[in-house]
1. Output the qualifying pairs, or none if there are none: Cβ atoms under 6 angstrom, residues six or more apart or on different chains, first residue in the stretch A:1-24 and assigned by TED's automatic domain parsing to the domain that holds A:T75, second residue small (G, A, S) and in a helix (DSSP H, G or I).
2. Considering only residues of the stretch B:45-66 that are at the interface with another protein chain (Cβ under 7 Å from one of its Cβ atoms) and touching a residue at least 40 places away in the same chain (Cβ under 8 Å), which is surrounded by the most Cβ atoms within 10 Å (Cβ to Cβ)?
3. State the number of residues belonging to the stretch A:53-86 that are outside any helix (DSSP H, G or I) and touching a helix residue (DSSP H, G or I) at 6+ places or on another chain (Cβ under 7 Å).
4. When the residues of the stretch A:95-117 are filtered to those that are surrounded by fewer than 22 Cβ atoms within 10 Å (Cβ to Cβ) and within 14 Å of chain B (Cβ to nearest Cβ), which remaining residue is farthest from A:M175 (Cα to Cα)?
5. Might you check whether a residue that is in a helix (DSSP H, G or I) and touching a residue at least 12 places away in the same chain (Cβ under 8 Å) occurs anywhere in the stretch A:236-246?
6. Can you tell me how many residues in the stretch B:67-112 are under 21 Å from B:I166 (Cβ atoms), surrounded by fewer than 24 Cβ atoms within 10 Å (Cβ to Cβ) and within 13 Å of chain A (Cβ to nearest Cβ)?
7. I'm trying to understand the selection: among the residues of the stretch A:42-59, which are surrounded by 17 or more Cβ atoms within 10 Å (Cβ to Cβ) and among the aliphatic types (A, V, I, L, M)?
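The values are calculated or read from the model by the stated rules, or taken from the named source; none is laboratory data. What you see is a predicted model, and the numbers here were worked out from it, not measured in a lab. Positions of Cβ are backbone-derived with ideal geometry, glycine not excepted, and every protein chain shown enters the neighbour counts.
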Amino acid sequence: MKKVLMKGNEAIAEGALTAGCIAFFGYPITPSSEIAEYMARKFPLLGGTFVQAESELAAISMVYGGASTGFRVMTATSGPGISLKSEGISFLAEAELPCLIVNISRGGPGLGGIQPAQSDYWQATRGGGHGDFQIIVLAPSSVQEMLDFAMEAFDLADKYRIPVMVMAEGTLGQMMEPVIPREKVTQFIGKPWAINGCKDRKPNIVNTLHLSPEFLEERNHVLGDKYKVIKANEQRAETYWTEDADLVVVAFGLMSRIVKKAVMEVRKRGHKVGLIRPITLWPFPVEHIKKAAETAKMFLSVEISMGQMVDDVRLAVNGKAPVEFYGRIGMIPSPEEIADQIIKLAEREGF
Amino acid sequence: MKIVAQRPESLTPAKFHYCPGCTHGIIHRLVAECIDELNMRENTIGICPVGCSVLAYDYFNFDMLEAAHGRAPAIATGIKRILPDRCVFTYQGDGDLASIGMAEIVHASARGEKITVIFVNNAVYGMTGGQMAPTTLLGQVTTTSPYGRKVEETGYPIRMAELLAINEGSAYISRMSVNNPANVTKTKKSIKKALQTQMKGLGFSMVEILSTCPTNWGLGPMDALKWLEENMIPYYPLGEFKVKEAL
């Protein structure tokens, strides 16, 4: 198909529509609002549902209701909105309702700012809400991936009956790049658990209350077993020049593209540096890091935060090599700045 | 032999967990009878709240969903917008609807969501053990208003039916009571009217039902009915507050 120029937020909305999403429930928040605006323009023409909810709490609850009917539904917001939606995300995870949740992230804590950030990493990968649960988190690094990951998110959500988050820095939501549109999805898996009226079958119940302690434990094991399968099957990352790397930089999202430029520059200057770009933030690509840790002498996590993903890098490296961190918040590190950091480390360690 | 009374098809054979003298059971039965009589069981989706009726999914014999505290009207919105020909109702208590879920109920009404709300007002948080509700009466003793509800500290009880009747999106709003057989009959008629309002696509509908909580009021079942009549009805007048003309 012919390439079209699209804004990241529009690409994610277009990807969702292409994947057969029929309803959007959301609340305006910068820098994600274009997703809601795009859906508000499209759904009346397509025959889908757009509701501007009274709050983030109501929006995620509408998603809960919508997802329980078995249709593909979504919401989009930014970090402060995810904080409020965390109640509903916990319910969605336990009720095993598939849906797409988008976080076009900005800096915090509190109201923070509207500049791009990656400081919602813990919130996204540590559940955010109450109870033992995980959601799949995909981190696109281009406008094309905003569209593609929205589609993949719905497939993963249906496959595992799990909410899936696409998390991207505000920059990715706001910037424009050429995008190849995809074929419309028309095949969907059956959802015999959906609540849509009990004609010719026994009533279905969507519920997260388990008063029996034995059954509550059983339910947590059911979820835990599912998470193990996802961890085994769905870890995704891109690796560059890690085979001979003394130093492996780890970065996700748009940040990884900036880091890639820095790594290429540093390699030109003779230092053996590689890059791992996690695509799934949960499940974290432990296997990719583990493999690199067999030969690498040092890791460096570069993030637009005070250092969050670095925890997961350390867990995956498991003491095999030192793990350093470099990050900015509110500001985005430049390729030159990162290259300087890498060279400083390389010279200090004698790589 | 002729059958003169039996369990509605819309109720399961499960035994209610409600306390002796609690009127939730009567209200469950009325809802079930109305859905049976309108021949909508296989087309109905019910949403239960957090509160004493949290387990209503065990009692209603059709598709059910259990909501987060106060969010039932938003969840109902999500379902109804996607499946507009289904009958979607929420069943909520006073803490759920008039406190933590105030934004959700007001906006569902303002948007004119074509859903029906069964609002059970017993002036107290039942399941958590008798704390003050937004509908607790002045002077009423609860575990969090142990010296009686005082205006200076907690303001006034909220009249939800009157409040929601103001919204243009509300098509049918009433307040009923199940304190005696005559009122039980009137409540049933009102529930049916509310469900019909929804199915005709006229807008938002709610029946507020004054109900007893003998356990947390510290009264026997008969005394609780008397207390409701003498204290709740004067503050919460019965009747229809909004009936959209097309009805």
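1. Pairs found: A:G8/A:G173; A:N9/A:G173; A:I12/A:A150; A:G15/A:A150; A:A16/A:A150; A:A23/A:G66.
2. Pass one, the stretch B:45-66, residues at the interface with another protein chain (Cβ under 7 Å from one of its Cβ atoms): B:45, B:54, B:57, B:61-66.
Applying the additional criterion that residues be touching a residue at least 40 places away in the same chain (Cβ under 8 Å) yields B:45, B:54, B:61-62.
On the way: B:I45: 30, B:V54: 21, B:N61: 23, B:F62: 27.
Selected residue: B:I45.
3. Residues of the stretch A:53-86 that are outside any helix (DSSP H, G or I), as a first pass: A:53-55, A:69-78.
The next check asks that each one be touching a helix residue (DSSP H, G or I) at 6+ places or on another chain (Cβ under 7 Å); those that pass are A:53-55, A:69, A:71-77.
Number satisfying all stated conditions: 11.
4. Applying the first criterion (surrounded by fewer than 22 Cβ atoms within 10 Å (Cβ to Cβ)) to the stretch A:95-117 yields A:95-96, A:108-115.
When the remaining residues are screened for being within 14 Å of chain B (Cβ to nearest Cβ), the result is A:95-96.
Numbers: A:A95: 35, A:E96: 33 Å.
Step by step, filter the stretch A:95-117, then rank; the result is A:A95.
5. Keep residues of the stretch A:236-246 that are in a helix (DSSP H, G or I), which gives none.
No, that holds for no residue.
6. Number of matching residues: 7.
7. Of everything in the stretch A:42-59, those that are surrounded by 17 or more Cβ atoms within 10 Å (Cβ to Cβ) and among the aliphatic types (A, V, I, L, M) turn out to be A:V51, A:A53, A:L57, A:A58, A:A59.
Yes or no, residue by residue, for (1) outside the structural domain of A:P140 (by TED's automatic domain parsing); (2) assigned to a loop (DSSP other than H, G, I, E, B); (3) under 27 Å from B:I75 (Cα atoms):
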{"position": "A:R182", "(1), (2), (3)": "no, yes, no"}
{"position": "A:T186", "(1), (2), (3)": "no, yes, yes"}
{"position": "A:K191", "(1), (2), (3)": "no, yes, yes"}
{"position": "A:G197", "(1), (2), (3)": "no, yes, yes"}
{"position": "A:K202", "(1), (2), (3)": "no, yes, yes"}
{"position": "A:T208", "(1), (2), (3)": "no, yes, yes"}
{"position": "A:L216", "(1), (2), (3)": "no, no, yes"}
{"position": "A:N220", "(1), (2), (3)": "no, no, yes"}
{"position": "A:Y227", "(1), (2), (3)": "no, no, yes"}
